[in-house]
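One structure is given here, and the rest of the page talks about it.
The values are calculated or read from the model by the stated rules, or taken from the named source; none is laboratory data. Computed from a predicted model, the values in this text were never measured in an experiment. Here the Cβ positions follow ideal geometry from the backbone for every residue, glycine too, while neighbour counts run over all protein chains shown. Note: accessible area is taken over every heavy atom of the protein model, side chains too, but ligands, DNA and RNA are not part of it. Shrake-Rupley method; radii C 1.70, N 1.55, O 1.52, S 1.80 Å.
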Amino acid sequence: MREAATVTADPRVPLIPQAPEGLSRRARYFVEGHGLRVPHRDLEPFREAWLKQGIPDAEIDRAVAFQERWGGLALPPAPAYEGGPRVLEADAPEGSAANGWRFPAGDCRVSMAHGFMIGPGGEFGIDADHWTPLHASTEGWVEALALACHAGRWAETITKIKGSAVEDLNLDGFEPVPEVQGLADTWWRGEDSLIAVYRGEASGFSAPHCLRAHVYGGLDAWGLAGN
């Protein structure tokens, strides 16, 4: 059972966040222009109790490092997954040496059949019927949010595709967008359009009808990159 935590506002924490290092310029502008940094808890006081529960020290270190880098960061809703986490916030790691350890990445905005988790290798994903990594890192998730915001602003058209029609998308001439570090979820850049493919829920629930894709059309060079 998780211990209750009291979050005390720290006046030294700025409401406007400073973007973590390692993000693209587009993602830095997104975090600092659209995000908020809200009070979040210090995980160190939980270390002793978590160790007694059998959670390895190294896994607690990972959760603490995540909290120091991302904790309290509130970003605009994601285009998929019912908007994503409300606030990025780590909690007690769960798992085993055999199956790997994960820890929560933040609570859902609404009641969902899955939770957002950070995987054994730092992957950002969802824990549904089974664990499904969406991006290779939290940075990839934030980059995808920033790109969706940017593309949505500059596209002349936005086409939403569902289910089996996603498999019929022609990606010839498109290249993957590397900074989103896509695993289940990927972004593709073409001559004048960007395509976001969301496979996470389809994979996590073994439900092909949950496939989603958004096609942002009519983009110029700035709209395609924004960097």
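Ranked by solvent-accessible area (1.4 Å probe, protein heavy atoms only, all chains present), the residues Glu94, Glu175 order from largest to smallest as Glu175, Glu94. Between Thr157 and Ala225, the C-beta separation translates, for a Förster distance of 22 Å, into a calculated FRET efficiency of about 0.75. Prolate is the label for segment 77-119, because the ratio a/c of its alpha-carbon gyration tensor axes (a ≥ b ≥ c) is 1.5 or higher and a/b is greater than b/c. In summary, the helical segments of the chain meeting the span-like criteria, namely a full DSSP H run, a Cα extent along the axis of 20 angstrom or more and a mean Kyte-Doolittle hydropathy of at least -1.0, are 138-154. Looking at segment 132-210, the pairs of alpha carbons with a distance over 17 Å make up 48% of the total.
Accessible surface of the chain, 1.4 Å probe: 52 percent of it comes from carbon and sulfur atoms. If Lys and Arg each add +1 and Asp and Glu each add -1, what is the summed charge of the other residues whose beta carbon sits under 11 Å from the beta carbon of Gly173? Within the 11 Å Cβ shell, the charges total -3.
Estimated at 0.36 nm per residue, the fully extended path between Leu171 and Ala58 surpasses their Cα-Cα distance by 36.6 nm. For segment 76-227, just say rounded, prolate or oblate: build the C-alpha gyration tensor, square-root its eigenvalues into a ≥ b ≥ c, call rounded for a/c under 1.5, and beyond that prolate if a/b exceeds b/c, oblate if not. Prolate, because a/c is 1.5 or more and a/b exceeds b/c. For segment 84-138 versus segment 144-214, the inter-centroid distance based on Cα atoms is 21 Å. Taking all protein chains into account, the per residue accessible area for the chain stands at 50 Å² (1.4 Å probe). For the chain, the 222 nm mean residue ellipticity estimated from helices alone, with every DSSP H stretch of n ≥ 4 adding -39500 (n - 2.57) and the total spread over all residues, rounds to -7000 deg cm²/dmol.
Computed over segment 1-156, the P(r) tail beyond 27 angstrom holds 23 percent of alpha carbon pairs.
Compare Val31, Val177, Val110 in a GNM of the chain, Cα atoms joined below 10 Å, and give the one with the largest fluctuation. With Cα springs under 10 Å in the chain, the top fluctuation among Val31, Val177, Val110 is at Val110. Result for the chain in a Gaussian network model with C-alpha springs under 10 Å: among Gln53, Gln18, Gln67, the largest mean-square fluctuation is at Gln53.
The value obtained for segment 174-221, namely the Cα convex hull volume divided by the number of residues, is 66 Å³ per residue. A Gaussian network model of the chain, with springs between Cα atoms under 10 Å, assigns the largest mean-square fluctuation among Gly200, Gly84, Gly33 to Gly33. From the Cα gyration tensor of segment 88-166, with a ≥ b ≥ c the square roots of its eigenvalues, which class applies: rounded if a/c is under 1.5, or else prolate if a/b is larger than b/c, or else oblate? Note, shape of segment 88-166 comes out prolate.
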